[in-house]
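Written out below as structure tokens is the structure these notes cover.
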Amino acid sequence: MYIFEFTIYYFVHIAKLKNILFLHCWTNDSLLHLAYLSRNESLYTQYLDLNAKFSQSEHLQDQLVNHNLIKLGIYFDINCNQSAKVLDMANMQRLFTDRYHWLVFDRNFNLNQLHKKFSEAQLFFHTELSYVKPLEDLNSFIIYDLYNKAKHLGSKLNITIDQEIDCNKGHCHVKRFLSDLHKRTRLQHRKFFTGLSLRINTAVTSLPANTSDEQIKSFLGSHDEIYKDSYTRMGYQSHQALMDMLECNFSYIFRDRWTDSELTGGLIGDLMNESVDLTAPGFFYTVGRSKYFKPLVWQSSFRSVCMFLNPRSSGTDLRVTEFLEPFSWTVWVIFGALLLFTGFLLWLTFLLERRMNRGGMETSLLTSCLLSFGAACIQGAWLLPRSTGGRMGFYAIMLTSFLMYNYYTSVVVSTLLGAPPKSSIRTIQQLADSNLEVAVEPRIYTKVYVETSEFAEVRSLYRNKILNKDPKRIWLSSEEGVLMVRNNPGFVFIAESASAYVFVAKHYLPHEICELNEFLVRDETSVFTIVLKTSSFVELFKLSQLRLLETGVHLKHFRYWIRTKLHCYRSNVTVVVGMESAGPLFLLLLGAYIICLFVLGLEVLWHKRQLRVARN
């Protein structure tokens, strides 16, 4: 009988493992031969005699359970004296998982006995258990694959005949395949759950607690009012495609919350106590959850924003010096000095021309400076030098003024007709320190974050803008908040983009979207589908949902339900310059008039004084 050759061949060429634990009842001479074969294949082996007296906790617990290997191969002779203890312990410790690859040898094979022993065993979807039946010639072995897709859901033991292995001295080979199991991986062979109902839960917060299951399912499957339970409905509808892939049904459990804490309550509590196999919505994958849960695939992005109207477009930031900003103060001073110098040169030119021609017009220095200023304003001059040199100087100041004027006007026009500058408020702390009014969307994840976050800037925002304020002004629905932002410049609304952007697109004109300021309340975070690490469906769910991502099915649902950006269009609107932009110009003009009246008053007083002096 070539049981040793067969065992080594199986673990090396079929299971492809190097670490093997032998639970046997062989003689020492037989073990020497097995050890020799194992050394030739560079295997790491341990041996435990099930016919000898041993302590279960001392040997089985240490060698079978407490190991750090990724996967351990186990040869198990079910005909040994203490094999029943091993089976009981494997069931109790849930050792029929993909962490172990079992090769169960039964020299007294009986199909009825096999079914009796393993029908109630804790076999799972990911169980790797091969049952070996030796043939009468003792040189051939029939391999059966044993598993249970979902015993907790009522699934029955599945026994699939696989292949026949023929062995002779020093060599084994596949004699024949007895099924098409070899054409597929174990996962592909077991991936259909026909007739079973997997347990799945989801959170619904937009419907009353007494809503019937039929009404909830109708709501989750609908496509209107996408701002209500966006993440839940996206998860529900994308998982319908997963249900079709697995050819099963879903038995839903509805909750009114995602979680009470990081690991308890709501949907996460159901996962922790294994009440469900999967959740429809995704979760943040935190450090605390990483100990118990495994992320499968990316499901969506979570983006909370602060939005408010641009302060300039709302008329809250009028600056008197705005029309002087195209040039720095240094440029204005140098240009003014150049005009004064030009006025002085013109005065000298007129003075020289009058003395040479004796018929020239007498001009004052103030008049010459006024001519220079008129040239700078591209207004021409009512008096020009007659000499060639004087006119060349006038050409120079006109050309310089022309270049300055064109640059100045291009900057001013582009500023007035272009996109308004964004607000300087770009962080939560700046918002907390500002005088802007704040409201918050009362969705549970946004509300909890604002009220309980330990970040200093969020605590400051909560104390300054939310605590002790009128709740009716603080907690607003998505639509109310978006309308308040539009109708009340300087009003800030904190909301989740998936729900708020729907109403921005509905109530705002395309160019009005360009006037919105927004910044993130917290860093944009990815949400993942998670399952328990101990779940037998981890690999199946992961590959199935990756398939949905690759084919674009999940992305189609994500783009419909989750809005993460707004589109700004300005080319189709006529820009009107309002008082918020032209106001500084009129303020400058008013200031100039005040200065002129003041100078005029001084002149009147001076003239009266001169008259009094002349009379005396």
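The values are calculated or read from the model by the stated rules, or taken from the named source; none is laboratory data. Bear in mind that the values here come from a model prediction, so they are computed numbers and not experimental data. Cβ coordinates were reconstructed from backbone atoms using ideal geometry, including for glycine residues, and neighbour counts include every protein chain displayed. Heads up: the accessible areas ignore ligands, DNA and RNA and are worked out on the full protein's heavy atoms, side chains in. Shrake-Rupley method; radii C 1.70, N 1.55, O 1.52, S 1.80 Å.
Brief remarks follow.
- Checklist (1) of a type outside the set (A, V, I, L, M); (2) modelled with pLDDT of 90 or more; (3) open to solvent by 10 Å² or more (accessible area, probe 1.4 Å); (4) within 22 Å of Asp162 (Cα to Cα) applied to Phe11, failing item: (3)
- Neighbours by Cβ (under 9 Å, 6+ apart or cross-chain): first from segment 157-186, without any contact (Cβ under 8 Å) to a residue 40 or more places away in the chain; second exposed (fewer than 15 other Cβ atoms within 10 Å of the Cβ) and among the hydroxyl-bearing types (Ser, Thr, Tyr): Thr160/Ser179; Ile161/Ser179; Asp162/Ser179; Gln163/Ser179
- Strands (runs of 3 or more DSSP E) contained in segment 72-134 and holding at least 3 residues hydrophobic (A, V, I, L, M, F, W, C) and touching a strand residue (DSSP E or B) at 6+ places or on another chain (Cβ under 9 Å): 72-77, 100-105
- Hits in segment 212-249 - residues which are in a helix (DSSP H, G or I) and charged (D, E, K, R): Asp213, Glu214, Lys217, Arg233, Asp244
- Some residue of segment 442-456 being acidic (Asp, Glu), closer than 30 Å to Leu207 by Cβ, in contact with a Gly (Cβ under 7 Å, 6 or more places away or on another chain) and open to solvent by less than 70 Å² (accessible area, probe 1.4 Å): no
- Test result for Leu37, modelled with pLDDT under 90, more than 23 Å from Glu539 (Cα to Cα) and either open to solvent by less than 40 Å² (accessible area, probe 1.4 Å) or in a strand (DSSP E or B) (or both): yes
- For segment 133-172, the tally of residues that are charged (D, E, K, R), open to solvent by less than 50 Å² (accessible area, probe 1.4 Å), farther than 20 Å from Tyr75 by Cα and out of contact with any helix residue (DSSP H, G or I) (no Cβ under 8 Å at 6 or more places or on another chain) stands at 0.
- Within segment 463-522, the set of residues being outside any strand (DSSP E or B), modelled with pLDDT of 85 or more and charged (D, E, K, R) comprises Arg463, Lys465, Lys469, Asp470, Lys472, Arg473, Glu479, Glu480, Arg486, Lys506, Arg522.
- Scanning segment 173-196 for residues that are closer than 16 Å to Lys149 by Cα and surrounded by fewer than 16 Cβ atoms within 10 Å (Cβ to Cβ) gives Thr185, Leu187, Gln188, Phe192, Thr194, Gly195.
- In the set Thr316, Thr286, Thr330, only one residue is at pLDDT 75 or above, open to solvent by 30 Å² or more (accessible area, probe 1.4 Å) and in a loop (DSSP other than H, G, I, E, B); that residue is Thr286.
- Residue in segment 165-172 that is out of contact with any strand residue (DSSP E or B) (no Cβ under 6 Å at 6 or more places or on another chain), of a type outside the set (Ser, Thr, Tyr) and part of a loop (DSSP other than H, G, I, E, B) present: yes
- Within segment 201-253, tally of residues that are closer than 20 Å to Ala498 by Cβ and among the small types (Gly, Ala, Ser): 7
- Flag if Asn201 is more than 30 Å from Glu5 (Cβ to Cβ) and surrounded by fewer than 18 Cβ atoms within 10 Å (Cβ to Cβ): no
- Flag for Asn81 being open to solvent by 70 Å² or more (accessible area, probe 1.4 Å), under 54 Å from the mean Cα position of the chain (by Cα) and either modelled with pLDDT of 75 or more or hydrophobic (A, V, I, L, M, F, W, C) (or both): no
- Answer from Thr525, Thr534, Thr551, Thr529 - the residue that is surrounded by fewer than 16 Cβ atoms within 10 Å (Cβ to Cβ), in contact with a strand residue (DSSP E or B) (Cβ under 9 Å, 6 or more places away or on another chain) and β-branched (Val, Ile, Thr): Thr525
- Matching entry among Arg107, Arg99, Arg94 (being open to solvent by 60 Å² or more (accessible area, probe 1.4 Å) and closer than 21 Å to Gln188 by Cα): Arg99
- Considering residues of segment 40-70 that are within 51 Å of the chain's Cα centre (by Cα) and acidic (Asp, Glu) only, the residue modelled with the lowest pLDDT: Glu58
- Unmet criterion (only one of (1) open to solvent by 50 Å² or more (accessible area, probe 1.4 Å); (2) touching a residue at least 60 places away in the same chain (Cβ under 8 Å); (3) within 29 Å of the chain's Cα centre (by Cα)) for Tyr407: (3)
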